[in-house]
Amino acid sequence: MKLNLKVWRQQNNSAKGKFVNYKIDDVSEHMSFLEMLDVLNEELIKKSEDTIAFDHDCREGICGSCGFMINGRAHGPGSGIATCQLHMRSFKDGDTIIIEPFRAEGFPVIKDLMIDRSAFDRILQVGGYISAKTGGIPDGNAIPIKKEDSDLSMDAAACIGCGACVAACPNSSAMLFVSAKISHLGLLPQGKIENDERVIKLVAQMDEEKFGSCSNTYACEAECPKEISVTNIARLNKYFIKANL
Amino acid sequence: MILDSKIPAGPLEKKWTSHRFNLKLVNPANRRKYKIIVVGTGLAGSSAAASFAELGYNVLSFSYHESPRRAHSIAAQGGINAPKNYANDGDSVWRLFYDTIKGGDYRAREANVYRLAEVSGSIIDQCVAQGVPFARDYAGYLDNRSFGGAQVSRTFYARGQTGQQLLLGAYQALLRQVNEKKITFFPRREMLDLILHDGKARGIVVRNLVNGKIETYTADAVVLATGGYGNVFYLSTNANASNATAIWRAHKRGAFFANPCYTQIHPTCIPVSGDYQSKLTLMSESLRNDGRIWVPKKKNDLRKPNEIPENERDYYLERLYPSFGNLVPRDIASRRAKEICDNGFGVGETKMAVYLDFVDSIKRLGKETIKQKYGNLFDMYKQITAEDPYNVPMRIYPAVHYTMGGLWVDYNLMSNLPGLFVIGEANFSDHGANRLGASALMQGLADGYFILPYTIGNYLASEKFGKINLTDSSIKSVKNNVEEIISKLFNIKGKTSVNEFHKKLGKIMWNNVGMGRSKKSLNEAINQIKKLKKEFWSDVKIVGEKENVNAVIEKAQRVADFIELGELLATDALNRQESCGGHFREEFQFDGEAMRNDKKFTYVSAWEFKGENKKEKLHKEKLEFENVSLTQRSYK
């Protein structure tokens, strides 16, 4: 198929960006979206032009590196997938596709489609863990965990930290991301000990990083490649109120 | 030079315990005076960095990613082994040791493998304490499943995302130390050279991938946890950025490269679909617990899989290996798949695939149970192929997955260069010629949590460290060298893109140094690679800016190093005139199985770099087996 691409190009963080049009022919429906961009970049190299910068790595939807807005949607059409798992069979011959970076104050653009998501690390850094040191730990089976709790914890722990939730949210809220970590740890007996402190610290850091508040649009859940549920946000709110009592 | 593995004396079961007692310690109050550089933040790198910092050392952690959590350990699916014997099926440290050394086709050190089995139980405990949500049964206890090469259930797992959960555990432990200011994390930095000072590893040179600046960092010891070199084959299950540059450049500074020819081809991957393909996707080995592998008995059978009746199907692994069936080790499963496709029994459009069928398990256990166990893998398969594996068998074919070879290290995980430690997939130490499933996560975390934190202390306590200044000529010349390589690449101004070179290298490697190797194919590969290297350095085309984000110059260096490594890999394969594990020399086989030559090749090949375009020198570390007898591996 033949496609028209409108791609956001921005030389660096302080430069002004703009959309640039590219035409691409011979796109196979079996290609992944990133492979289509690889082909375009090879053509740019032939023309001695700078390639389009974008983060990507595992290309199987788990590392969380990739992600941009495709026709206004985080990770493009389809649900439960990261950009790297999107295949060109989702598009048709002659389509125009608009590609731009995730936009949020907390995610400054580095170059083209590449953004800086280190704010996520800084949020988790203040308490997104169980403070267990290496060694001196009892047997793994010494802490039985209810299967339901373990499963719910795992559902939340599946978050890949890609930032689609922030990009999809009209307020650039990071509540789904934060609540996923809070649920992952807070649902487990090992994690309950530091729960109150963790919730307060993470929420404070989230505000510090200039992410907005949740206004219950649920856009985050709709675009999350791991289909993390907004019930985690409800749990975060519950824990937060309790921690402040 | 005689390679000293520094394996402690005494009975196998006591070696690590007595060694730990004999290791020198650094007083807790003195630890803050030391600085350690850790390159890479996968399971090995993150766990080591966190553990060092907890002990009180100052750690500088480097990654070419934006965040430690992006490292490729995140993609490991199936699980992690530990001989807890929770399943009450007769498991023990000894059995895990035995399975691993046998699985590696008797080409690993007994002492290292035993230690790995010994500490693996603590890893599970550690991860549970960190909040890794391992699968549990209804009573709340940890659940296990089976992996290839073992007849017990000892694999712990978190759905099909075990690597992700273990890495998040280690990443969180690392972040906690960043918060404590014991670790400084340097994102988007790629290591391009090693700094040696007075014969000791004392620092690294990196390129800042955002602004292109070349930066130097110094410390008292350097740890490389930079993963494997599977991308030398272009297509592999590795992530796109996975590369060998850090270990290769350390090799060029004198670190020996051990067993480069031991590469693992994983039997269950989604087959190649087209020329534009950028990577291959693994379908976890755990699927072989419930999936059955088969091909039609008739050559070139064009019927749909569900139209082929049971008696016209060849479940060839179950037929050839009745006691292990579909759970034979990876090297065997891969080789048999290749053989059966080469003989014309393959399926799918390209005929380079076999079926992995779940219909019997779905009948036996119900769709819901299968979904719970493998749901994310089935979804992933459907996403890529547009076929639903609940109804149609998966098509799978082997792909490059893991490299057992790596930098040579002694029992303390130190290379032959003092102060340079190598852990995880980047070293060669524990898997011999073939790695068993669910052992990579185990090794990465064993090295990082429970081995290196002890042995690095011994090194720091035993040595004296002179002051090192960034203005020293030893540092300046290394930095200049890195800058020169980059300038040279920009100045070639050729016509061929880096990717085209990488693809060409991949074809040479896969066709000649892949699942089957012969004297003829290896000589062919070496000649072609030499030619390719010349072409690369006269015709590669770099675009973009030097001092900005530039994926092209990043990759150009990785590919340049892969080309050189590819030649060494083929040279090592040519030298090893036997078949063992993942290294299959077509001249040396018996009844289609790998035929070792224990008399001549029970050694580790450790290669020494002797200068650009010069032949590398082979050193041999003899492997001693005192506790297991070397037999022909049998899974029949």
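The values are calculated or read from the model by the stated rules, or taken from the named source; none is laboratory data. All values derive from a computational prediction rather than experimental measurement. Reconstructed Cβ throughout: ideal geometry from the backbone, glycine too, with neighbour counts over all protein chains shown. Remember, those area values only see protein heavy atoms, side chains included, never the ligands or the DNA or RNA. Shrake-Rupley method; radii C 1.70, N 1.55, O 1.52, S 1.80 Å.
Can you pull the percent of region B:1-122's accessible area that's carbon plus sulfur, 1.4 Å probe, other chains left in place? About 53 percent, which is the carbon plus sulfur part of the accessible surface. Put simply, the Cα atoms of region A:3-111 extend 37, 34, 23 Å along their principal axes, the longest span coming first. As a test question: what accessible area, to the nearest 10 Å², does A:CYS220 have when a 1.4 Å probe is rolled over all protein chains in place? Roll a 1.4 Å probe over it and A:CYS220 shows about 20 Å².
P(r) for region B:306-353, from all Cα pairs and a bin width of 5 Å, is 5, 19, 25, 27, 19, 6, 0 %, short bins first.
For chain A, carbon and sulfur atoms together expose 50% of the accessible surface, with a 1.4 angstrom probe and every protein chain in place. Taking every alpha-carbon pair within region B:265-400, the share separated by more than 18 Å comes to 51 percent.
Label positions at B:ASN88 and B:ARG364, each projected 7 Å from the Cα along the C-beta direction, are separated by 2.1 nm. In terms of packing, defined here as the mean over residues of other Cβ atoms within 10 angstrom, the peptides B:465-474, A:65-74 line up highest first as A:65-74, B:465-474. Compute the FRET efficiency between B:LYS520 and B:GLU339 as 1/(1 + (r/R0)^6), taking r as their Cβ-Cβ distance and R0 = 22 Å, and round to the nearest 0.05. My answer for the efficiency is 0.70. With the convex hull drawn over the C-alpha atoms of region B:89-198, the volume per residue is 193 Å³.
Building the convex hull from the alpha-carbon atoms of region B:72-152 and averaging its projection over directions returns 6.2 nm².
For region B:476-601, the spread of Cα positions along the three principal axes, ordered from largest to smallest, is 56, 32, 23 Å. When Rg and the Kirkwood Rh are both derived from Cα coordinates, the Rg/Rh ratio for region B:225-270 amounts to 1.00.
Between B:LYS599 and B:LYS382, the FRET efficiency from the beta-carbon distance, with R0 = 45 Å, is close to 0.35. One way to sum up the overall shape of chain B is the equivalent ellipsoid from its Cα gyration tensor, whose semi-axes run 37, 29, 24 Å, largest first. Note on B:ILE247: accessible area is roughly 0 Å² with a 1.4 Å probe, heavy atoms of protein only. Per the Debye calculation on region B:163-288 with a single equal scatterer at every Cα and no solvent contribution, log₁₀ I(q)/I(0) for q = 0.19 Å⁻¹ amounts to -1.27. Overall shape of region B:137-220 was characterised from the C-alpha gyration tensor. The equivalent ellipsoid obtained from it has semi-axes of 39, 18, 14 Å, in decreasing order. What the Cα atoms of chain A give is an Rg and a Dmax of 20.0, 63 Å.
Structure remark: mean-square fluctuation, Gaussian network model of chain A, C-alpha springs under 10 Å; the largest value among A:SER79, A:SER173, A:SER48 belongs to A:SER48. Dividing the summed helix terms, -39500 (n - 2.57) for each DSSP H run of n ≥ 4, by the number of residues in chain B produces a 222 nm estimate of -11500 deg cm²/dmol to the nearest 500.
The modelled label-to-label distance between B:GLU215 and B:ASP591, using points 7 Å beyond Cα along the C-beta direction, is 5.9 nm.
Ordering B:LYS371, B:LYS338 by accessible surface, largest first, gives B:LYS371, B:LYS338; the 1.4 Å probe counts only protein heavy atoms, with every chain in place. Placing a label point 7 Å from the Cα of A:SER28 along the Cα-to-Cβ line, the residues of region B:275-289 whose backbone N sits under 15 Å from it are B:275-281. The residues of region B:336-494 present an accessible area of 35 Å² per residue when probed at 1.4 Å with all protein chains retained.
These residues, B:LYS299, B:LYS279, go from largest to smallest accessible area, 1.4 Å probe, as B:LYS299, B:LYS279. Bridging of A:LYS18 to lysines at a Cα separation below 17 Å is possible for A:LYS6, A:LYS111, once same-chain residues fewer than 8 apart are set aside. With a 10 Å cut-off around each Cβ of B:160-173, the average count of Cβ atoms from other chains is 4.
A convex hull fitted around the alpha carbon atoms of region A:114-169 yields 127 Å³ per residue.
Identify all aspartates and glutamates with a Cα-Cα distance to B:LYS299 below 12 Å; exclude those on the same chain that are fewer than 8 residues away in sequence. Excluding near neighbours in sequence, the set is B:GLU312, B:ASP314, B:ASP342. What is the interface area between chains A and B, defined as buried accessible area summed over both chains with a 1.4 Å probe, reported in Å² to the nearest 100? Summing both sides, the interface buries roughly 6200 Å². Select from region A:6-28 all residues whose loss of accessible area on going from the chain by itself to the full protein assembly reaches 20 Å² or more (probe 1.4 Å). Residues passing the criterion (a loss of at least 20 Å², heavy atoms only) are A:GLN11.
Projecting the Cα positions of B:SER538, B:VAL128, A:LEU40 onto the charge dipole of the protein assembly as shown (unit charges on Cβ atoms of Lys, Arg, Asp and Glu, taken about the Cα centre) puts B:SER538 furthest along the positive direction. Could you compute how fast region A:117-244 diffuses translationally, taking Rh as the Kirkwood radius over C-alpha pairs and applying Stokes-Einstein at 4 °C with viscosity 1.567 mPa s? Give it in µm² per second. It comes out at roughly 87 µm²/s. Note on the protein assembly as shown: the alpha carbon radius of gyration divided by the globular reference 2.2 N^0.38 Å gives 0.89. Within region B:476-511, the residues that become at least 10 Å² less accessible when every protein chain is included than when their own chain is isolated (1.4 Å probe; DNA, RNA and ligands ignored) are B:SER497, B:ASN499, B:GLU500.
Spin-label model, B:GLU535/B:ASN391: points 7 Å from Cα along the beta carbon direction are separated by 4.5 nm. Peptide B:233-240 is shielded by partner chain Cβ atoms: per residue, an average of 3 of them sit within 10 Å of its Cβ. In region B:24-80, the alpha-carbon atoms span a convex hull of 90 Å³ per residue. For the pairs A:LYS181/A:LYS226; B:LYS15/B:LYS610; B:LYS297/B:LYS338; B:LYS279/B:LYS620; A:LYS147/B:LYS367, flag any whose C-alpha to C-alpha distance is greater than 25 Å. From the list (A:LYS181/A:LYS226; B:LYS15/B:LYS610; B:LYS297/B:LYS338; B:LYS279/B:LYS620; A:LYS147/B:LYS367), the Cα-Cα distance tops 25 Å for B:LYS15/B:LYS610; B:LYS279/B:LYS620. Across the alpha-carbon set of region B:371-520, the Rg to Rh ratio works out to 1.09, Rh being the Kirkwood radius.
Per-residue SASA remark: A:LYS18, around 130 Å² accessible (1.4 Å probe; ligands, DNA and RNA not included). Phi-derived couplings, Karplus 6.51 cos²θ - 1.76 cosθ + 1.60 at θ = phi - 60°, listed residue by residue for region B:152-160: 10, 9, 10, 9, 8, 8, 10, 6, x Hz, with x used for Gly and Pro.
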